[in-house]
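J.: I'd like to ask you about the structure that follows.
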Amino acid sequence: MENKRCVVLGVTGGIAVYKALDVISALRKKDVDVRVIMTKSATEFVTPLTFQSMSQNIVTTDMFAEPKAWEIQHISLAKRADVFLVAPATANIIGKVANGIADDMLSTTIMATRAKVIFAPAMNTNMYTNPIVQENIAKLKKLGYEFIEPASGRLACGDEGKGKLAPASDIVEKVLSEFYDKKDLIGKKVLVTAGPTRANIDPVRFISNRSTGKMGYAIAEEARDRGAEVVLVSGPTNEPAPYGINVIKINTNEEMRSEVLKHFETSDIVVKSAAVADYKAKEYSENKIKKGNGDLEIILTRDNDILKELGEKKSGQILVGFAAESQNVVENAKGKLIKKNLDYIVANDITSKDSGFASNDNRVTIVTREGQELSLDKMSKREVARNLFDIIGGKR
Ligand code: CTP
């Protein structure tokens with residue numbers, strides 16, 4: 001137990017208290033030890049017993065309760081925390097911490113901890129947007145405290161607006177990313193493209209491909225967890241928007257090109273894993289094409305090669321391409337690396353049945369500009385992403 005990563009979870013009183021139970025459940029599934037401190041008002045919403053059952057740990061509520069051990073509890077919890085999460089965080093706890101008030105178990109423990117403290121606020125939208133609360137948040141951010149922005153929607157009080165506790169999945173992703181063992185991309189900007197593009201034929205039809213975006217999303221998440229600021233330009237996919245990543249959704253080749261060019265100059269590393277359509281309809285039909293008796297011919301014309309353009313414009317960025325091949329995989333990939341002026345190319349054989357398109361796994365060979373070939377076994381796309389950044393990191 002002692003060696004497990006430990007999250008101390010402060011729960012403060014608001015209707016979203018019950019949602020903290022989902023956070024605990026998800027963290028425990030990732031083998032995280034969760035120690036809960038509830039404020040008195042939190043216990044009015046859900047009993048400590050529920051939190052105790054979910055966390056499988058004694059829940060602390062009272063500064064002056066009969067001690068369970070010889071330690072001074074607010075100090076021992078403050079020391080034990082690897083990450084200190086407050087979810088839901090009321091205006092009250094934010095205000096207390098921002099102003100140095102330590103008058104109960106939770107506020108004293110936050111004051112005493114040296115762990116990263118993350119607040120996930122939840123409150124009425126007028127309270128959240130109140131300049132006093134916003135000023136407190138700004139002050140805490142300046143001091144290194146972090147915030148998981150609340151979501152917008154219909155609030156428990158019936159009002160509409162910002163103030164709902166962020167989804168439990170976002171809170172858990174944020175906490176787990178704090179535990180990530182490699183933090184070598186702090187201060188770096190990483191631009192990733194993912195998914196297919198669509199070439200429109202008429203208002204209802206388009207040409208596209210089987211890319212699901214899984215590889216690109218895994219790369220973006222890996223870069224985020226290593227500390228990078230990530231922009232993800234994504235074609236249409238079913239992947240949920242990952243927490244903490246600037247996701248820009250596009251449809252066409254031209255839209256992807258324009259978004260990529262906007263962010264290219266300021267990026268340190270660019271990974272183009274999108275399956276970009278090379279052709280578009282020569283004539284886009286403004287009206288729906290009606291069927292006739294004979295064949296229908298659609299003439300396709302070449303569209304932008306975005307990666308080639310980046311290779312020409314490159315000024316110090318590390319440029320990584322992907323090569324989806326069905327024959328002479330590595331040889332063709334090497335050709336693309338040279339033609340597009342890349343630093344690395346990730347080659348995969350799309351004929352493989354158990355990896356590649358739509359699969360969670362991939363089997364790739366990473367080729368470097370110097371001609372080194374690194375063949376990886378079949379592994380999850382996230383592990384491919386990890387290997388890729390390890391290789392890039394070794395060169396930086
Ligand atoms: N790419 C791009 N723009 C295109 C086509 C591809 O930016 N119009 C990028 C992809 O994101 C990928 C790399 O180029 O990183 C290689 O893509 P791939 O489709 O395998 O290569 P192509 O250059 O299109 O060559 P071919 O289709 O002839 O295999």
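J.: Give the residues of the stretch 178-204 that are surrounded by fewer than 17 Cβ atoms within 10 Å (Cβ to Cβ) and farther than 22 Å from Asn238 by Cα, sorted by residue number.
T.: Residues satisfying the conditions are Phe179, Tyr180, Asp181, Lys182, Lys183, Asp184, Ile186, Gly187, Asp202.
J.: Determine, yes or no, whether Leu296 is surrounded by fewer than 16 Cβ atoms within 10 Å (Cβ to Cβ), over 19 Å from Arg386 (Cα atoms) and away from the ligand (no atom under 14 Å from the Cβ).
T.: For Leu296, the condition - surrounded by fewer than 16 Cβ atoms within 10 Å (Cβ to Cβ), over 19 Å from Arg386 (Cα atoms) and away from the ligand (no atom under 14 Å from the Cβ) - is met.
J.: Any idea which of Glu221, Glu149 is of a type in the set (Asp, Glu) and assigned to a loop (DSSP other than H, G, I, E, B)?
T.: Glu149
J.: Here's a check for you: in the stretch 272-291, which residue that is surrounded by fewer than 21 Cβ atoms within 10 Å (Cβ to Cβ) and assigned to a strand (DSSP E or B) is farthest from the ligand (Cβ to nearest atom)?
T.: My answer is Ala281.
J.: Within the stretch 351-370, which residues are of a type outside the set (S, T, N, Q), within 24 Å of Ile338 (Cβ to Cβ) and not in a loop (DSSP other than H, G, I, E, B)?
T.: Val364, Ile366, Val367
J.: Check the stretch 305-316 and report whether any residue there is farther than 20 Å from Asn253 by Cα, outside any strand (DSSP E or B) and not basic (Lys, Arg).
T.: Within the stretch 305-316, one or more residues are farther than 20 Å from Asn253 by Cα, outside any strand (DSSP E or B) and not basic (Lys, Arg).
The rows are residues; the columns are (1) in the same structural domain as Lys282 (by the TED database); (2) acidic (Asp, Glu); (3) closer than 30 Å to Val7 by Cα; (4) out of contact with any Gly (no Cβ under 6 Å at 6 or more places or on another chain).
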residue	(1), (2), (3), (4)
Glu173	no, yes, yes, yes
Gly195	yes, no, no, no
Arg198	yes, no, no, yes
Pro203	yes, no, no, yes
Phe206	yes, no, no, yes
Arg210	yes, no, no, yes
Lys214	yes, no, yes, yes
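J.: Can Gly393 be described as in a loop (DSSP other than H, G, I, E, B) and not charged (D, E, K, R)?
T.: no
J.: While we're here: Of everything in the stretch 300-354, what is hydroxyl-bearing (Ser, Thr, Tyr), within 12 Å of the ligand (Cβ to nearest atom) and modelled with pLDDT under 95? Give them in sequence order.
T.: Residue satisfying the conditions is Ser326 alone.
Matching residues to (1) without any contact (Cβ under 8 Å) to a residue 60 or more places away in the chain; (2) more than 15 Å from the ligand (Cβ to nearest atom):
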site	(1), (2)
Gly195	no, no
Gly216	yes, no
Asp225	yes, yes
Val230	yes, yes
Glu254	yes, no
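For every residue, the table says whether it meets (1) over 27 Å from Phe357 (Cα atoms); (2) outside any helix (DSSP H, G or I).
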{"residue": "Phe206", "(1), (2)": "no, yes"}
{"residue": "Tyr217", "(1), (2)": "no, no"}
{"residue": "Leu232", "(1), (2)": "no, yes"}
{"residue": "Pro240", "(1), (2)": "no, yes"}
{"residue": "Val260", "(1), (2)": "no, no"}
{"residue": "Val270", "(1), (2)": "no, yes"}
{"residue": "Asn293", "(1), (2)": "yes, yes"}
{"residue": "Ile298", "(1), (2)": "no, yes"}
{"residue": "Thr301", "(1), (2)": "no, yes"}
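J.: Now a separate question. Scan the stretch 1-34 for residues that are over 16 Å from Ile171 (Cβ atoms) and touching a Leu at 6+ places or on another chain (Cβ under 6 Å) and report the count.
T.: Result for the stretch 1-34: 0.
J.: State which residue is surrounded by the fewest Cβ atoms within 10 Å (Cβ to Cβ) when the search covers only the stretch 371-389 and only residues that are touching a residue at least 12 places away in the same chain (Cβ under 8 Å) and in a helix (DSSP H, G or I).
T.: Among them, the one singled out is Asn387.
The values are calculated or read from the model by the stated rules, or taken from the named source; none is laboratory data. Please read all numbers here as calculations on a predicted model, not as lab measurements. So basically every Cβ, Gly included, is an ideal-geometry build from the backbone, and we count neighbours across all protein chains shown.
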